[in-house]
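Notes follow the structure.
FYI, it's all coordinate maths here, none of it is from the lab. All figures in this text were calculated on a predicted structure; none of them were measured in a lab. Please note: Cβ atoms are built from the backbone with ideal geometry, for glycine as well, and neighbour counts cover all protein chains shown.
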Amino acid sequence: MHIIDLKRLKSNVRLCPKRYGSSFLNLTFVMIFLERVGFKGEWLLHLGTMYSYFKALHIIFIVTWFSGLFYIVRLFIYNTEANDKSETEKNILQQQFNPMIKKLWLGITWPSAILTLILGPTVLYIYGSIDTWMWIKLGFVIGLYLYHFSLQRIYSDQQKGIFRFTSTQLRIWNEVATVFLVAIVMLVSVKSNMSFVWGLIGLILFVILLMSAIKIYKALREGK
């Protein structure tokens, strides 16, 4: 006799429809078949719960990763602008900024990026399918990791006292993470309901708005 927790199976079908398939009856037959051939299919019953936990952790570490990406560039900017101060003030400021940058980058941003990279494929595997919108999202995620590595180079340079970029250039570069955040969140929220053309137009308009805001801020700052 095969005892199957039907309530749990129904819940898991709802949470992971791509993994289980839309037919509850088919899933039941699969479970019975696996048991008859000696395969311990109990792990299927836990996939729905696992999916929820892994997805929650994935979102948490995405949030902490983005927080690190946003704040680290602000610290790069402050560290760069310290070069315009007197030698004494510059040394005092950079002695404060460099440890802050190191702790944020190595203690929060890098671990969050690594855990996101581990949890993302895990959630995707449990979900069981890659739709068109997901492929586009993965493209943005790859771009985000390339952006992360570009910040790693800036981090390494500044720790050595090398400043290749001006504060204005860093302010512009800081907004790249914002573009990735908007694109990824919109894709995850709207999914296949979003028109690719209109989505692209919206993203371009958003970038233009960001660049305009940076120019206005620079003009106001220089006017003081």
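Applying the Karplus relation 6.51 cos²θ - 1.76 cosθ + 1.60 with θ = phi - 60° to segment 111-126 yields 3J(HN,Hα) values of x, 5, 5, 5, 5, 4, 5, 7, 6, x, x, 5, 4, 5, 5, 5 Hz, where x marks Gly and Pro. Among the listed pairs LYS102/LYS215; LYS90/LYS160; LYS85/LYS160; LYS55/LYS103; LYS103/LYS137, those with a Cα-Cα distance over 21 Å are LYS102/LYS215; LYS55/LYS103; LYS103/LYS137. The calculated pair-distance distribution of segment 67-224 uses every alpha carbon pair, bins of 5 angstrom beginning at 0, and gives 1, 8, 15, 18, 16, 15, 12, 7, 5, 2, 1, 0 percent. The phi torsions of segment 145-162, fed into the Karplus equation with coefficients 6.51, -1.76 and 1.60 and a -60° offset, translate into couplings of 5, 5, 4, 4, 5, 5, 5, 4, 5, 4, 4, 4, 5, 5, 5, 8, x, 9 Hz, rounded to whole numbers, with Gly and Pro shown as x. Our estimate of slack between LYS102 and SER189, defined as 0.36 nm per intervening residue step minus the Cα-Cα distance, is 27.9 nm. Summing charges over all other residues whose Cβ lies under 14 Å from the Cβ of THR116, with Lys and Arg as +1 and Asp and Glu as -1, gives +2. Whole-Hz Karplus values for segment 102-108 come out as 5, 5, 5, 6, 8, x, 10 Hz, taken residue by residue from phi with 6.51 cos²θ - 1.76 cosθ + 1.60 and θ = phi - 60°; glycine and proline positions read x.
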